[in-house]
Amino acid sequence: MRLDITRKSHLAIRVLTELRSAGGMVSGSDLADRVETSTAYLAQVMRPLTQHEWVASQPGRSGGYELTVGAEDISVLDVIEAVEGPTDTESCVLRSGQCSAGEPCATHDAWSRARTALIKELSAIPLTSIPAERALR
């Protein structure tokens with residue numbers, strides 16, 4: 001697990017927060033402008049959000065994107081994992097691959113506790129707790 005949030009994950013959080021504030025259908029170009037990205041990159045970010053059925057996508061001139069679930073049901077960790085893939089809880093930070101149970105690396109215990117705490121914290125933050133203006137930074 002990385003200790004930073006990628007641009008794509010950050011943008012996904014911004015998009016969901018913006019859609020929450022909008023309260024209805026927002027055109028792709030308008031949404032891209034609101035979150036300061038291109039429509040092409042927005043489409044890449046939207047793919048996992050629509051696959052998780054958090055956002056509905058309607059093509060066409062009057063189409064756009066709309067939040068389909070309550071933002072209180074989506075955590076920051078949910079968004080990161082939707083965009084980046086499942087959280088890796090087994091990789092060793094010093095060696096490639098996993099630490100073996102019989103021979104853990106020097107930082108294994110500390111890193112395991114830190115990773116567990118980070119996952120717990122990110123899963124406890126619902127999108128509703130992020131003010132729209134803060135998500136746009």
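The values are calculated or read from the model by the stated rules, or taken from the named source; none is laboratory data. These numbers were taken from a predicted model, which means no experiment stands behind them. So basically every Cβ, Gly included, is an ideal-geometry build from the backbone, and we count neighbours across all protein chains shown.
Checked against the criterion of being hydrophobic (A, V, I, L, M, F, W, C) and under 22 Å from P131 (Cβ atoms), the candidates A110, A56, A12 yield just one match: A12.
Taking helices (runs of 4 or more DSSP H) as the structural unit, those lying wholly within region 23-117 and holding at least 3 residues that are farther than 17 Å from L127 by Cβ and not polar (S, T, N, Q) correspond to 28-34, 39-51. Filtered by the rule that a residue be surrounded by 14 or more Cβ atoms within 10 Å (Cβ to Cβ) and either more than 25 Å from the chain's Cα centre (by Cα) or part of a loop (DSSP other than H, G, I, E, B) (or both), region 118-130 gives I125, I130.
In the condition set (1) farther than 30 Å from P48 by Cβ; (2) among the hydroxyl-bearing types (S, T, Y); (3) in contact with a Leu (Cβ under 9 Å, 6 or more places away or on another chain), S123 is compliant with all but (1). Cβ-Cβ distances below 8 Å connect the following pairs, each with a first residue in region 29-42 that is more than 15 Å from S57 (Cβ to Cβ), a second residue that is of a type in the set (K, R) and surrounded by 14 or more Cβ atoms within 10 Å (Cβ to Cβ), and a separation of six or more residues or different chains: V35/R14. In contact (Cβ under 8 Å) with a residue 60 or more places away in the chain, loosely packed, with under 14 Cβ neighbours inside 10 Å and of a type in the set (S, T, Y) - does that describe any residue in region 74-90? Looking through region 74-90, at least one residue is in contact (Cβ under 8 Å) with a residue 60 or more places away in the chain, loosely packed, with under 14 Cβ neighbours inside 10 Å and of a type in the set (S, T, Y). Would you mind stating whether V15 is among the β-branched types (V, I, T), surrounded by fewer than 19 Cβ atoms within 10 Å (Cβ to Cβ) and under 21 Å from the mean Cα position of the chain (by Cα)? The answer is no for V15. Against the numbered list (1) under 16 Å from L19 (Cα atoms); (2) crowded, with 16+ Cβ neighbours inside 10 Å; (3) at pLDDT 95 or above, A71 comes up short only at (3).
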